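Contents: one structure, followed by commentary.
Each reported figure results from applying straightforward, stated rules to the coordinates on display, with no laboratory input. Treat the numbers as computed from the prediction; the structure is a model and nothing was measured. Counting neighbours? That spans all protein chains shown, and the Cβs are built from the backbone with ideal geometry, glycine included.
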């Protein structure tokens, strides 16, 4: 008797794959194979795939001969077969796993062939490089060549630099809607923001305005924000004639570097040297001056593929862990224990701020403030999830975390906006007989374009796209009747 | 058999009554379909939404 599947089993619902994986599967297989020649790239991609896929790779890494599919499948419990199949499928799309088919004729004189035995093997390039990465062999400098005159960089200074660069970008995005003019980031960054749809220029000139996608971007955690910008950068790099393998390899090399050490730029290709200026603008690396022959990565770079926080969060208020600072009361009042201007600006998007103290910002969630946010394209769910992720540890003793009244009211204010729904299309009425009406209605229903129908009035409403097909249908019928 | 071009509005009964009252001043309704649906002229949709919002705002109160 097969065991019943439990719908809430966390192993059965796969976690969201990393956004970079979605980008990599779109690349041709030859590009991926070239990328796998560098051990640091293999190691970084290994870190990004899901735990099950990692286990599959490790199982096959030290085998010389391919393994029959049936042997691997025997390891899998029947319940989780679907997850296993998806993992295999995703690994083969990344060109990490090869499924080889092996046909051997039973007897040369007969035409029968033995049943094909599919075998699994790792991509040989990937296998060699990953082995090198783990055992530390090879001298191709793919993990970065440390500079000879190695002065240890002050980690705090690096963190401060990264934080300042990153927050300039985000601050610029937030304040563009309120008319203040903060320091603007470099033109390269502005071009990236425009290209990714996070900001747009309504008229020619330097005033970029934030879009609704930009507002949603502001509420994401820093890792997601960083990767979204980097993927945009990758997509633009092909247009700028930069070799995408070089760009990706450099990013992966950065993610395996050690924080606080300096690395020389000798081993970098032309593409990668050109990338140095861009990466400096995003706060990923630090260089004393742009002609310096050394650079050192900041925390933003070294945590690209890991799950530790990429930025040191404000440590001036030491109450509680660094990422929770909002207290929300049932009377819609918010107390945010922060002095970070960026966090205050983000709160200003949907909270009506009342008082500001050196370590505290007080405000309340009002109908106006939430409606303003909704009109800017932020959804109620995003507001609620932002409040939940940044909830102060004191709030943890409430169950549920946020007061239900406030959550429901934010959702109701969102529904208020949606009281009226509209659709373009055509109304068909004045049918001569019920049979006629039903014939045309069924045809339209098959096309899936019916939005409203009423048999008593013998009328129905269909979308604009359906109109052309319905018209031709009626005309062919009319001609058939004559 | 007739085909009329227009915009189908789906709403609750209360909003529909407000729209019928608004129609007295500026005519935009082509046909009243049922309790929750109206057919209006295609180019008047934006104006209708704006006027409806103004009307609904009259019923809200704020503390400030």
For this session: With a ≥ b ≥ c taken as the square roots of the eigenvalues of the C-alpha gyration tensor of region A:218-257, please select rounded if a/c is under 1.5 and otherwise prolate if a/b is larger than b/c or oblate if it is not?
Result: oblate
Seminar exercise, completed: Partner shielding of A:415-424, taken as the mean number of other chain Cβ atoms within 10 Å, equals 6
Exercise. At what distance in nm do the modelled label points of residue A:232 and residue A:92 sit from each other, each positioned 7 Å from its Cα along Cα→Cβ?
Worked result: 3.6 nm
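Quantify how strongly other chains surround peptide A:361-370 by giving the mean number of their Cβ atoms within 10 Å of each of its Cβ atoms.
If you average over the peptide's residues, the count of other-chain Cβ atoms is 1.
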For this session: Please give the peptides B:49-60, A:340-351, A:426-437 ranked by average Cβ packing (other Cβ atoms within 10 Å per residue), highest first, as a rough proxy for protection.
Result: A:340-351, A:426-437, B:49-60
For this session: State, to one decimal in nm, how far the label point of residue A:85 lies from the label point of residue B:18, with both points 7 Å from Cα in the Cβ direction.
Result: 5.1 nm
Problem set entry | residue A:408/residue A:376 FRET efficiency (R0 22 Å; Cβ-Cβ; nearest 0.05) | 0.55
For this session: Would you order A:241, B:37 from fewest to most other beta-carbon atoms within 10 Å of each residue's own beta-carbon?
Result: A:241, B:37
Problem set entry | Label-reachable residues, region A:446-482, where backbone N falls under 16 Å from a point 7 Å from residue A:424's Cα toward its Cβ | A:462-469
Seminar exercise, completed: Partner shielding of A:453-462, as the mean number of partner chain Cβ atoms within 10 Å, equals 3
For this session: Please give the peptides A:255-261, A:234-240 ranked by average Cβ packing (other Cβ atoms within 10 Å per residue), highest first, as a rough proxy for protection.
Result: A:255-261, A:234-240
Exercise. Where does the Debye-calculated log10 I(q)/I(0) of region A:202-275 sit at q = 0.26, 0.27 Å⁻¹, using only Cα point scatterers of equal weight, no solvent?
Worked result: -1.18, -1.21
Problem set entry | Pairwise FRET efficiency - residue A:398 versus residue A:471, Cβ, R0 = 56 Å, nearest 0.05 | 0.40
Seminar exercise, completed: Gyration tensor on Cα atoms of region A:351-413, a ≥ b ≥ c root eigenvalues, a/c under 1.5 rounded, else prolate if a/b beats b/c, else oblate, says oblate
Exercise. Tell me, what is the FRET efficiency for residue A:186 and residue A:417 to the nearest 0.05, using R0 = 35 angstrom and their Cβ-Cβ distance as r?
Worked result: 0.40
Exercise. Does anyone have the angle between helix B:13-23 and the longest principal axis of chain B? Alpha-carbon axes, 0 to 90°, nearest 10?
Worked result: 80 degrees
Exercise. Is region A:15-62 best put as rounded, prolate or oblate by its Cα gyration tensor, with a ≥ b ≥ c the root eigenvalues, rounded for a/c under 1.5, and otherwise prolate when a/b is larger than b/c, oblate when not?
Worked result: oblate
Seminar exercise, completed: Most exposed first, judged by fewest Cβ atoms within 10 angstrom, A:464, A:474 run A:464, A:474
Exercise. In nm, what is the difference between 0.36 nm times the number of residues separating residue A:355 and residue A:61 and their Cα-Cα distance?
Worked result: 99.9 nm
For this session: Could you work out, for chain B, what percent of all Cα-Cα pairs fall into each 5 Å distance bin, beginning at 0 Å and stopping at the bin that holds the largest distance?
Result: 4, 16, 28, 25, 12, 8, 4, 2, 1, 0, 0, 0
For this session: For region A:25-96, list log₁₀ I(q)/I(0) at each q in 0.11, 0.12, 0.15, 0.19 Å⁻¹, using the Debye formula over Cα point scatterers of equal strength and ignoring solvent, two decimals each.
Result: -0.30, -0.36, -0.55, -0.87
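Figure the gain on full extension for residue A:213 and residue A:25 (residue separation times 0.36 nm, minus the Cα-Cα span) and round it to one decimal in nm.
65.3 nm
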Problem set entry | Column: log10 I(q)/I(0), Debye, Cα scatterers of region A:344-482, q = 0.13 Å⁻¹ | -0.69
Problem set entry | Separation in nanometres of the label points that stand 7 Å from Cα toward Cβ, at residue A:200 and residue B:55 | 3.0 nm
Exercise. If you take the alpha carbon radius of gyration of region A:401-448 and divide it by 2.2 N^0.38 Å, what ratio comes out, to two decimals?
Worked result: 2.16
